[in-house]
1. Averaged per residue, what accessible area in Å² does region 170-280 show with a 1.4 Å probe, protein chains only?
2. First check a/c for the chain, with a ≥ b ≥ c the square roots of the eigenvalues of its C-alpha gyration tensor; if it is under 1.5, answer rounded, and if not, answer prolate when a/b is larger than b/c or oblate otherwise.
3. Sorted by packing (mean other beta-carbon atoms within 10 Å per residue), highest first, where do 147-159, 177-189 land?
4. When the accessible area of region 141-280 is computed with all protein chains present and a 1.4 Å probe, what percentage of it is carbon and sulfur?
5. Starting from the Cα gyration tensor of region 28-160, take the square roots of the eigenvalues, sort them a ≥ b ≥ c, and report rounded, prolate or oblate (rounded when a/c is under 1.5, otherwise prolate if a/b is larger than b/c, else oblate).
6. Report the local net charge at Asn214: Lys and Arg +1, Asp and Glu -1, summed over other residues whose C-beta lies under 14 Å from its C-beta.
7. Given the DSSP H assignment, sum -39500 (n - 2.57) over each helix run of at least 4 residues in the chain and divide by its residue total; what's the result at 222 nm in deg cm²/dmol, nearest 500?
8. Under the classification rounded if a/c is under 1.5, otherwise prolate if a/b is larger than b/c and oblate if not, where does region 165-280 fall, given a ≥ b ≥ c as square roots of the Cα gyration tensor eigenvalues?
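The values are calculated or read from the model by the stated rules, or taken from the named source; none is laboratory data. As the structure is a computational prediction, the values presented were derived from the model and not from experiment. Note that we place each Cβ from the backbone using ideal geometry, even for glycine, and neighbour counts take in every protein chain shown. Keep in mind that these areas ignore ligands, DNA and RNA; they rest on the heavy atoms of the full protein, side chains included. Shrake-Rupley method; radii C 1.70, N 1.55, O 1.52, S 1.80 Å.
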Amino acid sequence: MPLLESAAKLFRLVYILCWDLSLTLVNLVTPSLKPGRIVPHESPGAGGKWPEFVPPKEGDSRCACPMLNALANHGILPHDGRNIRFTELTQTVRTSYNFASTFCVFVPRYAADLLLKNYKTDTFDLAELSQHNGIEHDASLTRQDAEYDPDQSRVHLPFVNALLACASGKDRAGHVRLTPADVSRYSSTRRAAARATNPAFTLSRTHKMFGSSNSSTLLTILGGRVADVEVFLKEERIPAGWEPRAAHRMGLTMLAFQRTVLKVECAIDEGAVLSEGDAE
Ligand code: HEM
Ligand SMILES: *[C@@H]1O[C@H](CO)[C@@H](O)[C@H](O)[C@H]1NC(C)=O
């Protein structure tokens, strides 16, 4: 990569991290958003009123990300999943899921770079995000490895059921919840199984972090609530009345999110799965 381009990228990263730190600090000193007010009032989903869910039709483009597919299924992203602007993705993820602006710029920009496209001017189809080992990777919690199912838009229900069955927590309101330890345990199982059976298995350190980052959204944005996770992951539908469980005024920042991601990733132990298997 030319020196100037690398310097520009580094500058952009430093800039976004400083911005993220500022938002994190603002969140610390401002009151959280009130329930019912988390999605901005002029945006789809305000007050828990989401546009109608319409399952994908033949020819619609979908991807390995259940949460983006859900936005398309509700017509918040184009229902056909095609010709989406990266900036549109930034906007809809910000308002629908209450991730901070930094995250909402960083991830679509990262995706644009990987697809060799221009973040500001280009468009993409959802299916392009499933490019194997670009962003999509093996040992996912909701998809079979690309080796077994080249259609990464398709959820593998037995995996989701096994994940939901791990839930050991309960919140104050009595909702059954997935805990970080539950997600780590299930990720260990998936990685160990994929490594043992898939001859084409690969999982780089970056993809491990991405994997834990993806699954940590279930703990933060969905608050781990099994009833909601089930609807999102199995039907790629937003439950009626649902709102993001991250209520930070400036949204969930990358810094705050990393706390959950690191907790999940550091507790993943494939060895523990193998020795459990030996004991049986
Ligand atoms: C902002 C743009 C986003 C992009 C480009 C993106 C991209 C992806 C991709 C490529 C995958 C597949 C990874 C794999 O192989 O397992 C994925 C999975 C996933 N993403 Fe997203 N995503 C985005 C936003 C979100 C948001 C906002 C949430 C949550 C609110 C989310 C939650 C998930 C979950 C739960 C998975 C499933 C992980 C698994 O099967 O193990 N994503 N995403
Ligand atoms: C999901 O993983 C992809 C890469 O596999 C990454 O680009 C994206 O940031 C992750 N999404 C979330 C919400 O963590």
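1. Accessible area per residue, region 170-280: 49 Å².
2. The shape class here is rounded.
3. 177-189, 147-159
4. For region 141-280, the apolar C and S fraction of the accessible surface comes to 53 percent.
5. Prolate is the answer for region 28-160, as a/c is 1.5 or above and a/b outweighs b/c.
6. Combined, the nearby Lys, Arg, Asp and Glu give +1.
7. For the chain, the value works out to -15500 deg cm²/dmol.
8. Taking the square roots of the gyration eigenvalues as a ≥ b ≥ c, region 165-280 is prolate.
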